[in-house]
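S.K.: One structure is given below, represented as structure tokens, and several questions about it will come after.
The values are calculated or read from the model by the stated rules, or taken from the named source; none is laboratory data. From a predicted model like this one, the values you see are computed outputs, not experimental measurements. Counting neighbours? That spans all protein chains shown, and the Cβs are built from the backbone with ideal geometry, glycine included.
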Amino acid sequence: MSVQKEIEALRREIEKHSKLYYVYDAPVISDYEFDMLMNRLKALEAEHPELITPDSPTQRVGGVPLTQFEPVQHQVPLESLTDVFSYEELFSFGERMDSLLAEAHDYVVEPKIDGLSMSLEYENGVFVRGATRGDGTTGENVTENLRTVRSLPLRIEHAPERLIVRGEVYMSKAVFEELNEQREIKGEALLANPRNAAAGSMRQLDPKIAASRKLDIICFNMQYASEGDYQTHAQTLDAMREMGFPVVEYAQFSDIRDCVKRIEWLGDHRDELPFDMDGAVIKVNSLGQRRALGSTAKAPRWAVAFKYPPEKKESKVLDIVVQVGRTGVLTPKVIVEPVRLAGTMVSAATLHNQDNIDRLDLRIGDTVLLQKAGEIIPEVLSVNMDKRPEGTVPFVLPSVCPECGSPVMRDEDGAALRCTSPECPAQRLRNLAHFASREAMDIEGLGISVCESLIKAELVHSAADLYYLDGQTVAGLDRMGDKSASNLLASIEKSKQAGLARLLCAFGIRQVGQKAAKVLASYFPDLDSLIVADAEQLTRIPDIGAVTAGFIVKWFQNPQSLHLIERLRDAGVDFKSHEEKKDDRFAGLSFVLTGTLQQFTRDEASAIIESFGGKAASSVSKKTSYVLAGENAGSKLTKAESLGIPILSESDFLEMIR
């Protein structure tokens, strides 16, 4: 057998076993045997690199990192769906179909996977390009990242000359939990939910990072096929499954009312599915009838998405603990028996403050109803008084700090209790971690565990001490060593040039976060000019109100703050502002961002707006100039439309900043 024929045979064998493992969950060989096949293919391709093809299984590991994602114009628009939230709305949809379609029609019901929508293009059976949905007409080329998705076929048999399939990339619940466990061990920020994790993974410029995230895909629509006589959506799904695509499970019904049982079944069994789902999709089955119905400017007329209400579950309160935050605020947290809620295991939920505890009348031993606010943050909705055991007592926050024993006092402007000691160990740890965080001085390698080690060894009492550390001492800490110590000190040295905006954010002044710090740095050339500013000067700056100005002035009047600043100055930390405005094209304009943006993160888009003299606001009002709407935009978009505020797509925004 020639080398080329052996390579082709190995590829077919590996793809067959990959499909059995990743798509059908029915492997017939061991992992070791699979690895041996893959190693043989890698060895042959290494000897004959001219025979490597883009659809080879060896290309799934990720290629050369990209510098940016190229825009892709979709041949067939990737439309979004109209949401319905009740069976009455669903039946109204059915009545509209009855009135618009003279002939008989049936429906297909599918789970609505909560992931990232993709267009997948094949030519002569070979995967050639994949793109995000973007604004529906233009997306981003993420082909290299999609090649790393093991359940996506890179080559399909008996395919039309040209084929475009729509699918949903997702991170399985099991992989998501494993990834968060690893991030927690490393002291990294936990990912909010599987959908955000999948979206972030797919937008990595380095495909090797995407490959490490173990993403999956499920296909749910044939966008275009150059050949094939398909009359119904169900036929296209069956054909895609025969081609080797992982395809969404579906059920057919002749009456819209019969769809309800399937919708309820999917809702009852959502915990058993490997992916998160936030609803069910109901579609007219006939492709001809779909063409006759057409689409509105926003969505197809022939389909709706039934959205489930937020999932709620009961659990028992095991304890109520009090944590001391970076700014000294005492935050009560309820510890509950672990329960799966909206895709993740929940064992704790924040209680915010004493007023909220009193409102709920929450006690240790109670049974509470939990929900995830926005499907992300666990919260307590209510207490089941019928299940309250005897002997429970009301919970009251302590009058002294649980970390250092200092007195606590209630804020004048709210319900928060705050430790009065600036030397509180809890605040020291969190202050140090915040100072080093990505949005502040961005000191790589200085996570919570390293901060704890430095404080425990009494090497660091304030952030300024970081700039006086020596390599030999740091290398002697647990789990450090010479190389880690050298890397950490290099990152600390680099942070000296972070600039005024990051430094102000790092200080942790109340109500001065990343956004306010950038605003201040755009109005003051250096830290020294800000130190001498009074409240009146500060309140003349957009977005700096009287309360924030008071906090800033008070912070700079504190002798401990001034001592910190002088030690940073002696260490050579740059106090100058690096903020520059490109021009004032957005001067006087206010933008509100909503939905999931594909081209930028929200922080990136806000920074661009501010660099052109505009303001990125958080809520829509009559004063809003534009709303920049991404995928799955919600109530902000609805309000903007009702007020007649111009809506920008990402392509519109790109034109404005070009």
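S.K.: For region 300-313, state whether one or more residues are surrounded by 20 or more Cβ atoms within 10 Å (Cβ to Cβ) and of a type in the set (Gly, Ala, Ser). First the steps, then the outcome.
M.R.: Taking region 300-313 and keeping what is surrounded by 20 or more Cβ atoms within 10 Å (Cβ to Cβ), we get 302-304, 306.
Right, trim to of a type in the set (Gly, Ala, Ser) and you get 303.
There is at least one residue in region 300-313 that is surrounded by 20 or more Cβ atoms within 10 Å (Cβ to Cβ) and of a type in the set (Gly, Ala, Ser).
S.K.: Continuing with the same structure: Could we say that Thr53 is over 24 Å from Glu123 (Cβ atoms) and either modelled with pLDDT of 85 or more or surrounded by fewer than 17 Cβ atoms within 10 Å (Cβ to Cβ) (or both) here? Please lay out each step first, then the result.
M.R.: On the way: over 24 Å from Glu123 (Cβ atoms): no; either modelled with pLDDT of 85 or more or surrounded by fewer than 17 Cβ atoms within 10 Å (Cβ to Cβ) (or both): yes.
Criteria not met by Thr53.
S.K.: Also: Looking at Gly139, is it buried (at least 22 other Cβ atoms within 10 Å of the Cβ), small (Gly, Ala, Ser), at pLDDT below 95 and in a loop (DSSP other than H, G, I, E, B)?
M.R.: Numbers: buried (at least 22 other Cβ atoms within 10 Å of the Cβ): yes; small (Gly, Ala, Ser): yes; at pLDDT below 95: yes; in a loop (DSSP other than H, G, I, E, B): no.
The answer is no for Gly139.
S.K.: I'd like to verify a number: residues in region 251-270 that are within 13 Å of Asp106 (Cβ to Cβ) and assigned to a helix (DSSP H, G or I), how many?
M.R.: Initial filter on region 251-270 (within 13 Å of Asp106 (Cβ to Cβ)): 251-259, 262.
Imposing the further condition that a residue be assigned to a helix (DSSP H, G or I) reduces the set to 256-259, 262.
Residues in region 251-270 being within 13 Å of Asp106 (Cβ to Cβ) and assigned to a helix (DSSP H, G or I): 5 in total.
S.K.: Say we look at region 519-547 and pick out the residues that are modelled with pLDDT under 90 and among the hydroxyl-bearing types (Ser, Thr, Tyr); which of these is surrounded by the fewest Cβ atoms within 10 Å (Cβ to Cβ)?
M.R.: Only one residue fits best here, namely Thr539.
S.K.: Moving to a separate point now. Going through region 640-658 one residue at a time, which ones are of a type in the set (Asp, Glu) and either touching a residue at least 24 places away in the same chain (Cβ under 8 Å) or within 21 Å of Ser619 (Cα to Cα) (or both)? Please lay out each step first, then the result.
M.R.: If we filter region 640-658 for residues that are of a type in the set (Asp, Glu), which is where we start, we get 641, 650, 652, 655.
Correct list: Glu641, Glu650, Asp652.
S.K.: Here are some residues: Asp574, Asp583. Which one is exposed (fewer than 14 other Cβ atoms within 10 Å of the Cβ) and among the charged types (D, E, K, R)? Step through it out loud before you land on a result.
M.R.: On the way: Asp574 fails: exposed (fewer than 14 other Cβ atoms within 10 Å of the Cβ).
Asp583 is the lone residue from the list that is exposed (fewer than 14 other Cβ atoms within 10 Å of the Cβ) and among the charged types (D, E, K, R).
S.K.: Quick one: would you say Asp482 is acidic (Asp, Glu) and buried (at least 17 other Cβ atoms within 10 Å of the Cβ)?
M.R.: Details: acidic (Asp, Glu): yes; buried (at least 17 other Cβ atoms within 10 Å of the Cβ): no.
When the stated conditions are applied, Asp482 does not pass them.
S.K.: Return yes or no: is Ile217 among the hydrophobic types (A, V, I, L, M, F, W, C), at pLDDT below 85 and either closer than 30 Å to Ser86 by Cβ or not in a loop (DSSP other than H, G, I, E, B) (or both)? I'd like the intermediate steps shown before the answer.
M.R.: Values: among the hydrophobic types (A, V, I, L, M, F, W, C): yes; at pLDDT below 85: no; either closer than 30 Å to Ser86 by Cβ or not in a loop (DSSP other than H, G, I, E, B) (or both): yes.
Spelling it out, it is not the case that Ile217 is among the hydrophobic types (A, V, I, L, M, F, W, C), at pLDDT below 85 and either closer than 30 Å to Ser86 by Cβ or not in a loop (DSSP other than H, G, I, E, B) (or both).
S.K.: Something else: Can you tell me which residue within region 488-518, out of those that are in contact with a strand residue (DSSP E or B) (Cβ under 8 Å, 6 or more places away or on another chain) and farther than 21 Å from Gln557 by Cβ, is modelled with the lowest pLDDT?
M.R.: Step one: of region 488-518, the residues in contact with a strand residue (DSSP E or B) (Cβ under 8 Å, 6 or more places away or on another chain) are 499-500, 515.
With farther than 21 Å from Gln557 by Cβ added as a condition, the list becomes 499, 515.
Values: Gly499: 93, Lys515: 82.
By that ranking, first place goes to Lys515.
S.K.: What are the residues in region 350-375 that are at pLDDT below 90, surrounded by 14 or more Cβ atoms within 10 Å (Cβ to Cβ) and among the aliphatic types (A, V, I, L, M), if any?
M.R.: Result: Leu351, single match.
S.K.: I've got another one for you. Residues of region 128-156 being free of Cβ contacts under 8 Å to residues at least 40 places away in the same chain and farther than 15 Å from Cys219 by Cβ, which ones? Explain how you work it out, then say what you get.
M.R.: Taking region 128-156 first, the residues free of Cβ contacts under 8 Å to residues at least 40 places away in the same chain are 130, 143.
Of everything in region 128-156, just one residue is free of Cβ contacts under 8 Å to residues at least 40 places away in the same chain and farther than 15 Å from Cys219 by Cβ, namely Thr143.
S.K.: Just the residues that are touching a residue at least 60 places away in the same chain (Cβ under 8 Å) and of a type in the set (Lys, Arg), please, taken from region 474-499.
M.R.: Scanning region 474-499 gives a single hit, Lys496.
S.K.: Only residues that are surrounded by 21 or more Cβ atoms within 10 Å (Cβ to Cβ) and either over 27 Å from the mean Cα position of the chain (by Cα) or closer than 20 Å to Phe69 by Cα (or both): list them for region 166-179, please. Give the derivation first.
M.R.: Taking region 166-179 first, the residues surrounded by 21 or more Cβ atoms within 10 Å (Cβ to Cβ) are 167-171, 176.
Once the filter is applied, which keeps residues that are surrounded by 21 or more Cβ atoms within 10 Å (Cβ to Cβ) and either over 27 Å from the mean Cα position of the chain (by Cα) or closer than 20 Å to Phe69 by Cα (or both), region 166-179 yields Gly167, Glu168, Val169, Tyr170.
S.K.: Can I ask one more? Is it true that Asp482 is among the charged types (D, E, K, R), on the phi > 0 side of the Ramachandran plot and in contact with a helix residue (DSSP H, G or I) (Cβ under 8 Å, 6 or more places away or on another chain)? Talk me through it step by step, then tell me what you get.
M.R.: Numbers: among the charged types (D, E, K, R): yes; on the phi > 0 side of the Ramachandran plot: no; in contact with a helix residue (DSSP H, G or I) (Cβ under 8 Å, 6 or more places away or on another chain): yes.
When the stated conditions are applied, Asp482 does not pass them.
S.K.: Here's another thing I want to ask about it. Does Ser495 count as among the hydroxyl-bearing types (Ser, Thr, Tyr), within 16 Å of Ile565 (Cα to Cα) and either out of contact with any Phe, Trp or Tyr (no Cβ under 8 Å at 6 or more places or on another chain) or surrounded by fewer than 16 Cβ atoms within 10 Å (Cβ to Cβ) (or both)?
M.R.: On the way: among the hydroxyl-bearing types (Ser, Thr, Tyr): yes; within 16 Å of Ile565 (Cα to Cα): yes; either out of contact with any Phe, Trp or Tyr (no Cβ under 8 Å at 6 or more places or on another chain) or surrounded by fewer than 16 Cβ atoms within 10 Å (Cβ to Cβ) (or both): yes.
So Ser495 passes the test.
S.K.: Moving on to the next point. What helices (runs of 4 or more DSSP H) lie completely within region 594-658 and have 2 or more residues being in contact with a Lys or Arg (Cβ under 7 Å, 6 or more places away or on another chain)? Steps first, please.
M.R.: Values: elements: 602-611, 635-643, 650-657.
Per the criteria, 602-611.
S.K.: Still on this structure: Find all pairs meeting these conditions: Cβ atoms under 6 angstrom apart; at least six residues apart or on different chains; first residue within region 336-365 and outside the structural domain of Pro194 (by TED's automatic domain parsing); second residue in a loop (DSSP other than H, G, I, E, B) and among the hydroxyl-bearing types (Ser, Thr, Tyr).
M.R.: Arg363/Thr392; Gly365/Thr392
S.K.: Looking at (1) assigned to a loop (DSSP other than H, G, I, E, B); (2) more than 30 Å from Ala501 (Cβ to Cβ); (3) in contact with a Lys or Arg (Cβ under 6 Å, 6 or more places away or on another chain), which one does Pro378 not meet, given that it meets all the others?
M.R.: The failed condition is (1).
S.K.: Among the residues that make up region 244-264, is at least one of them under 29 Å from Lys387 (Cβ atoms) and either in contact (Cβ under 8 Å) with a residue 40 or more places away in the chain or within 31 Å of the chain's Cα centre (by Cα) (or both)?
M.R.: So the first thing to find is which residues in region 244-264 are under 29 Å from Lys387 (Cβ atoms), and the list is 264.
When the remaining residues are screened for being either in contact (Cβ under 8 Å) with a residue 40 or more places away in the chain or within 31 Å of the chain's Cα centre (by Cα) (or both), the result is 264.
Yes, region 244-264 contains a residue that is under 29 Å from Lys387 (Cβ atoms) and either in contact (Cβ under 8 Å) with a residue 40 or more places away in the chain or within 31 Å of the chain's Cα centre (by Cα) (or both).
S.K.: For region 90-115: of the residues being touching a strand residue (DSSP E or B) at 6+ places or on another chain (Cβ under 8 Å) and of a type in the set (D, E, K, R), which is surrounded by the most Cβ atoms within 10 Å (Cβ to Cβ)?
M.R.: Once the filter is applied, the top-ranked residue is Glu110.
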